[in-house]
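Okay, structure first, notes after.
Bear in mind these aren't lab numbers, they're just calculated from the coordinates by the rules spelled out. Remember, it's a predicted structure, so these values are computed and weren't measured experimentally. Cβ sites come from the backbone with ideal geometry, for glycine too, and all protein chains shown count toward neighbours.
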Ligand SMILES: NC(=O)c1ccc[n+]([C@@H]2O[C@H](COP(=O)([O-])OP(=O)(O)OC[C@H]3O[C@@H](n4cnc5c(N)ncnc54)[C@H](OP(=O)(O)O)[C@@H]3O)[C@@H](O)[C@H]2O)c1
Ligand SMILES: [Zn+2]
Ligand SMILES: [Zn+2]
């Protein structure tokens, strides 16, 4: 085994502590990556909270990171030592099912191996995430980081970015499409940047009126205040696509009412059971959809697009030792718009 160090929660605590970690020895098609920057996704916060509730085994979060290849297995051909790479929230899949063959490894019928708290397909071990100084990943699930993108600000593209990219593309967003992004956080602000770069006429729906200036700076035409019934009524049926990135369980009704006839609400945020009043779908023949993460081809396409358009996240970079502060502030919605941890303090 290889020794590294990272940030872990254990038992009933929600406080991450610095801990020695083990990584597997390289398999023929593995890369060792020095993790330089890891984004703090709201899913990490959900995972830490859920694990503390169970009082269970250790958890190392982190599933959007960039770094540099430090070693390659003998069968690796796509990367060499020193290459800048990016890794997202999937690190393996069966490679054989219809979804994998279609390049949608995120929907693998045998379930993709998640970057943390997943089960390794070969040795059955639990995967430990990117809040650590080294990660060992199968080469197929590492992506070359496009030149010109700041590696710290690019890290969030690997979860937040790809999660909004796939539905925006799948729903055919193009110049003139009317897009609303609900919840201006990590996913939301990247959804705005990408939708704007795709040429969409983009708006934000937020319960935070003080984000209006940011929404415009990001390229949105305006911000609808979700807590203002008049503004929500004015926005009725106005959007072909509504991308819902809200991190708490919520009533979908008000957001479905913003969707235009034959349009789609893509529910990406808080995953779990939802209640839908079917007349909110019936009136206007509206569609309810969801998505998550992305396949390898879509991830490569998203990185190319962001490289071409100079799209990265708006980040607050913190030394990794301040990870608990980052999670606390994320819990309080005090982030504009993604925390990224600088892992160099783990050396
Ligand atoms: N589908 C997937 O594969 C996938 C991937 C990554 C993340 N996620 C999930 O997506 C959600 C967003 O993640 P994130 O990292 O973007 O989180 P985030 O940065 O915390 O952003 C979430 C935003 O939702 C809005 N919000 C939060 N609580 C709300 C409430 N009670 N009512 C209304 N709006 C609320 C806030 O925006 P305003 O201040 O503008 O209202 C907040 O900025 C999380 O639940 C995460 O687990 C899903
Ligand atoms: Zn994530
Ligand atoms: Zn598969």
Checklist outcome for this item: One finds the C-alpha centres of segment 124-203 and segment 222-248 to be spaced, in Å, by 22 Å
Checklist outcome for this item: When 239, 107 are ranked with the fewest other C-beta atoms within 10 Å first, the list becomes 107, 239
Item to check | Prolate/oblate/rounded call for segment 263-343, Cα gyration tensor, a/c under 1.5 rounded | outcome: oblate
Next on the checklist: What's the ranking of 7-19, 128-140 by average number of surrounding C-beta atoms within 10 Å, highest first?
Outcome noted: 128-140, 7-19
Checklist entry - So what's the angle, to the nearest 10 degrees on a 0 to 90 scale, between helix 160-170 and the longest Cα principal axis of the chain? => result 50 degrees
Next on the checklist: Out of all DSSP beta bridges in the chain, what portion is antiparallel? Express it as a percent rounded to 5.
Outcome noted: 55 percent
Checklist outcome for this item: Assertion target for 302, 99, ordered by fewest C-beta neighbours within 10 angstrom first, is 99, 302
Next on the checklist: Rounding to the nearest 10 and keeping the result within 0 to 90°, find how far the Cα-based axis of helix 42-54 lies from the longest principal axis of the chain.
Outcome noted: 70 degrees
Checklist outcome for this item: Checked segment 160-289 against the a/c 1.5 cut and the a/b vs b/c comparison, axes a ≥ b ≥ c from its Cα gyration tensor; verdict rounded
Checklist outcome for this item: From fewest to most C-beta neighbours within 10 Å, the residues 337, 37 line up as 337, 37
Checklist entry - What residue among 178, 34, 207 has the largest mean-square fluctuation in a Gaussian network model of the chain, using Cα springs under 10 Å? => result 207
Item to check | Angle in degrees between helix 296-309 and the longest Cα principal axis of the chain, rounded to the nearest 10 | outcome: 70 degrees
Next on the checklist: Suppose only helical runs count, i.e. DSSP H with n ≥ 4. What mean residue ellipticity at 222 nm does that imply for the chain under -39500 (n - 2.57) per run, divided by all residues and rounded to the nearest 500 deg cm²/dmol?
Outcome noted: -7000 deg cm²/dmol
